[in-house]
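Heads up, the thing below is written out as structure tokens.
Taken together, the values in this text are just the output of simple stated rules run on the coordinates, not laboratory data. Computed from a predicted model, the values in this text were never measured in an experiment. Cβ placement follows ideal geometry from the backbone for every residue including glycine, while neighbour counts extend to all protein chains displayed.
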Amino acid sequence: MAESGLDIAVIGATGAVGSDLIEAFERSSIDVARFIPVASASRVHSPVEAGGKRYTVLPVTGDAVPEKVLEEADLVVFATPASVTRTLAPAVVDAGIAIIDVGGALVDQGVMAVPLAGFPVDSDLFTDRRIACSPSAPAVLAATVLRPLRALGLSRAQLSVMLPAGAFGRGGAEELSRQVVSLFNSGDPPRALFPDGLAFDVLAALGTPADDWTGAERRLSMELAALLRLQPTDLPATVMVIPTFAGVSLNAVVTLQPGVGAERVRTTLNAIPTITVRDPVVSPLHTVGTATAHAGRIRDDPGGRGVHFWASGDNLRFGASANVLAIAAQLWRENLL
Ligand SMILES: NC(=O)c1ccc[n+]([C@@H]2O[C@H](COP(=O)([O-])OP(=O)(O)OC[C@H]3O[C@@H](n4cnc5c(N)ncnc54)[C@H](OP(=O)(O)O)[C@@H]3O)[C@@H](O)[C@H]2O)c1
């Protein structure tokens, strides 16, 4: 443990989320003494540079969390694929170190929080296993723009979510890029993450639907239901994948109390510091590097059945890093680290 400031281990430090997170921590007001970057042992990584220091990336060999993490970290952030997070987390829990899980792989063991959207960590629940989970990027975005509408009688939200290839990590963006180049050159495009292709196309479902809805759709409805205290059936979500590299976006159709229309929704969303309301609405690409949600195209349903609007955000800076930082800041403030 550091004498002043936090020693923060980032498992998955070389990935899309992990690298953005280290940058975001550096610029935050959280006092970081040292980072302990960790990645897979599948390749040799260059050192990570942060705050004028160079940190060697420690490998995970044979599913063992590096000793340095277990001995020195005050906080471990998991920015790894869900299966890896679930395999490695027990050793960190046994060492009594606080965990922030990016993506919600440990949601059955920890407490989900989106302080960015006004859903702070429940400290009493956190102290049990010391695991706080930041949900998926679309859940962070949707929670941010839907929470203020509870005061307007939100009873249902129907979401159409568009995920970029970048939501599948570095590999997703690389594969889309190689598919585009390959198709331009009449080559054979790589299809590991997107077996049906993605370049110049739209995927109407992420994975194979079971009972009509996909796992990603059910999970999003459940994450939002837990936060907003509605039923998952009141939050049906269709999750599509579009051939962009960054920025998550959604169209929401919301049912509010009678008489509430687009103008009230605009005023309400505009009053929230973590939401920027603008028309024309900010496109997903132009949200990159911003740590707020963007909303616009707020319009009354022509049949008088609620309000439609569009929202977008950077899947990394907003949908992951900003929320992780907000969780870490709360835990630090409350002496829970
Ligand atoms: N991308 C997004 O927009 C986004 C947004 C919110 C949440 N999330 C969640 O954040 C997590 C990370 O996503 P990502 O997009 O950053 O993925 P990514 O770019 O593929 O990065 C994965 C990271 O995990 C490391 N890793 C993989 N297997 C490992 C192992 N066995 N032991 C230790 N480290 C291992 C990788 O190391 P190597 O470099 O050595 O392979 C890399 O650093 C996922 O759970 C995802 O659902 C992603």
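If you average the C-alpha positions of the stretch 229-300 and of the stretch 136-167 separately, how far apart do those two centres end up, in angstrom?
7
Considering only the stretch 1-73, what is the antiparallel percent among its DSSP beta bridges, to the nearest 5?
Restricted to the stretch 1-73, the bridges split so that about 30 percent are antiparallel.
For Ser155 and Ala204 in the same chain, what is the full-extension length gain: residue separation times 0.36 nm, less their Cα-Cα distance, in nm? Walk me through the numbers before you get to the answer.
Numbers: separation 49, 0.36 × 49 = 17.64 nm, distance 2.61 nm.
Extra length available between Ser155 and Ala204 comes to 15.0 nm.
Measure of size requested: the Rg and Dmax of the stretch 140-314, with Cα atoms as the atom set and Å as the unit; please supply both.
Considering the stretch 140-314 through its Cα atoms, Rg and Dmax are 17.2, 56 Å.
Any chance you could list P(r) for the chain, counting all Cα-Cα pairs in 20 angstrom bins from zero, rounded to whole %?
Result, from short to long distances: 31, 57, 12, 0 percent.
Please turn the phi angles of the stretch 118-125 into ³J(HN,Hα) values with the Karplus equation 6.51 cos²θ - 1.76 cosθ + 1.60 (θ = phi - 60°), one per residue in order, whole Hz, x for glycine and proline.
Listing the rounded values in order: x, 10, x, 5, 6, 4, 5, 6 Hz.
Quick one: what are the phi-derived ³J(HN,Hα) couplings along the stretch 176-193, Karplus 6.51/-1.76/1.60 with θ = phi - 60°, whole Hz, x for glycine and proline?
Those phi angles translate into 4, 4, 6, 5, 4, 4, 5, 5, 5, 9, 6, x, 9, x, x, 9, 7, 8 Hz.
Determine the percent antiparallel among the DSSP beta bridges restricted to the chain, to the nearest 5.
Numbers: 26 of 57 bridges.
Just about 45 percent of them are antiparallel.
So what J values fall out for the stretch 269-276 if you push phi through Karplus, 6.51 cos²θ - 1.76 cosθ + 1.60 with θ = phi - 60°, rounded to Hz, Gly and Pro as x?
Rounded to whole hertz, the list is 5, 5, 7, 8, x, 8, 10, 10.
Hey, rough spin-label estimate for Ser28 and Gln231, points 7 angstrom out along Cα→Cβ, what's it come to in nanometres?
3.7
For a quick check of your reading of the filter: which trypsin sites (Lys or Arg not before Pro) in the stretch 237-337 sit in a DSSP loop and have no more than 12 other Cβ atoms within 10 Å? Present the calculation step by step, with values, prior to reporting the outcome.
Working: sites: Arg264, Arg266, Arg278, Arg297, Arg299, Arg305, Arg317, Arg333; in loops: Arg278, Arg305.
Here the sparse-neighbourhood loop sites are Arg278, Arg305.
Please rank Trp310, Trp213, fewest neighbouring Cβ atoms within 10 Å first, as an exposure proxy. Show your work: numbers first, answer last.
On the way: Trp310 21, Trp213 18.
By the 10 Å Cβ count, ascending: Trp213, Trp310.
Return, ordered by residue number, the residues of the stretch 185-221 whose backbone nitrogen is under 19 Å from a label point located 7 Å along Cα→Cβ of Arg43.
Only 190-194 fall inside the zone, counting backbone N under 19 Å.
To make sure I understand, if each residue's beta carbon is the centre and we count other beta carbons within 10 Å, what order do Thr268, Thr208 fall in, fewest to most?
Thr208, Thr268
Measure off 7 Å from each Cα along the Cα-to-Cβ vector at Asp212 and Val180, then give the distance between these two points in nanometres to one decimal.
So the two model labels end up 3.6 nm from each other.
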